[in-house]
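> Could you have a look at this structure, given as structure tokens, before my questions?
The values are calculated or read from the model by the stated rules, or taken from the named source; none is laboratory data. Computed from a predicted model, the values in this text were never measured in an experiment. Cβ placement follows ideal geometry from the backbone for every residue including glycine, while neighbour counts extend to all protein chains displayed.
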Amino acid sequence: MNEKDIITLSIETSCDETAAAITKNGREVLASVVATQIDLHKKYGGVVPEIASRKHLESIMPVIDETLEEWNQNCGGVKEDIDLVAVTYGPGLVGALLVGMSAGKAMAYALNKPLIAVNHIEGHIAAAYITYLELEPPFVCLIVSGGHSHVVLVKDYIQFEILGRTRDDAAGEAYDKIARVLGLGYPGGPEIDNRAIANPKSMSELPQFPRVNFSDGTSDFSFSGVKTSVMNYINKEQMQGREIFVDDICAGFQTAVSDVLVQHTLDALTKCKKNISNPDSLNKIAVVGGVAANKGLRAKMKELCDVEHIELFIPDFELCTDNAAMIGAAGYYSFINGRKISGLDLNAIPNLKLGE
């Protein structure tokens, strides 16, 4: 480790993953542990906040200890080598956030190291920096998860301009609701994705669902309409006594959602390029968040970016879903770019917006 290296211990507990990581200089993952609660919440068809908080309480210190042990075994690292503690403080479930923040504060206090509060959405953006060491701002970023659907201009590591956002349901939320209606269980996104990409039928053979584009030319999203359309389609088929072909519905739904996500992102990039003096300097798109693990979305975005000669950056699958390594990357860039060090009075902000 040279004098310029900054070692960050990071903690993420915004929803139903208890995670900790050790990263170096915001780009290299030295250790990472994620304890998921998916099996715990499956029987409820979604995340139960109180249960999630209690499980975080059980898991947080074992996860941190396991991360430190992994770091020690792989790299010989010890707690005294940590330079920075980064922790998610929003958005997310308030009870879950408080568990991670309490652990983060305790570690920062015990080690006498700076504490950096990290916006979970910024963490997803920073996940791309771990997979792609060459990636630097500016670029346009599509952030898609269970709670968020944004198109953002990443001007610098801590400077963001929101170009579009969902006006109702997030994309991941729509996936989970449709999966529940189809009886596919929780989490529904991967199951819909697998059924959709394995479907051999052409677009003309699939049920057609709406793509929402706003007349004001915005890059905003709306997925409540496609969700309602799928539900109405299922009800109509049942009332008329016709067989429900689940795989066809999955393929039609996924195509409608991914079409909108991809096109609105490309449109946002085009608009941004018109407003800068050197358009060629902005020719990069990143796709991050849990839905970025969707194979259908990844393929469609790559196909259109190849046609338009746009560089595409999508993090490794394990960095798309919630993890602490991305929080470490975001915390590192917040720290070196002069963001305020947090005190032990730091509080959770469950509805935190990007850039706050």
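> Given the options ALA127, ALA196, ALA179, name the one that is touching a Cys at 6+ places or on another chain (Cβ under 6 Å), within 30 Å of CYS250 (Cβ to Cβ) and crowded, with 18+ Cβ neighbours inside 10 Å.
Working: ALA127 fails: touching a Cys at 6+ places or on another chain (Cβ under 6 Å); ALA179 fails: touching a Cys at 6+ places or on another chain (Cβ under 6 Å).
Answer to the selection: ALA196.
> Here's something else I'd like to know. So the check is Cβ under 7 Å with 6+ separation or different chains; which pairs have a first residue in the stretch 258-285 that's under 16 Å from ILE314 (Cβ atoms) and a second one that's among the hydroxyl-bearing types (Ser, Thr, Tyr)?
Between residues of the stretch 258-285 that are under 16 Å from ILE314 (Cβ atoms) and residues that are among the hydroxyl-bearing types (Ser, Thr, Tyr), the close pairs are ILE285/THR265.
> Here is a follow-up. Mind checking whether some residue in the stretch 258-273 is assigned by TED's automatic domain parsing to the domain that holds THR228, outside any helix (DSSP H, G or I) and hydrophobic (A, V, I, L, M, F, W, C)? Full working, then the answer.
Kept after step one, since they are assigned by TED's automatic domain parsing to the domain that holds THR228, are these residues of the stretch 258-273: 258-273.
Right, trim to outside any helix (DSSP H, G or I) and you get none.
No, there is no match, as no residue in the stretch 258-273 is assigned by TED's automatic domain parsing to the domain that holds THR228, outside any helix (DSSP H, G or I) and hydrophobic (A, V, I, L, M, F, W, C).
> Right, another one. Pairs only if they're at least six apart or on different chains, beta carbon under 8 angstrom, first in the stretch 45-68 and without any contact (Cβ under 8 Å) to a residue 40 or more places away in the chain, second of a type in the set (S, T, N, Q); list them, first residue then second.
If the second residue must be of a type in the set (S, T, N, Q), the pairs left are ILE51/GLN37; LYS55/THR18; LYS55/GLN37.
> Which of the residues spanning the stretch 159-176 are surrounded by fewer than 19 Cβ atoms within 10 Å (Cβ to Cβ) and in contact with a helix residue (DSSP H, G or I) (Cβ under 6 Å, 6 or more places away or on another chain)? Give the derivation first.
Pass one, the stretch 159-176, residues surrounded by fewer than 19 Cβ atoms within 10 Å (Cβ to Cβ): 159, 161-162, 165, 167-168.
ASP168, the sole residue that qualifies.
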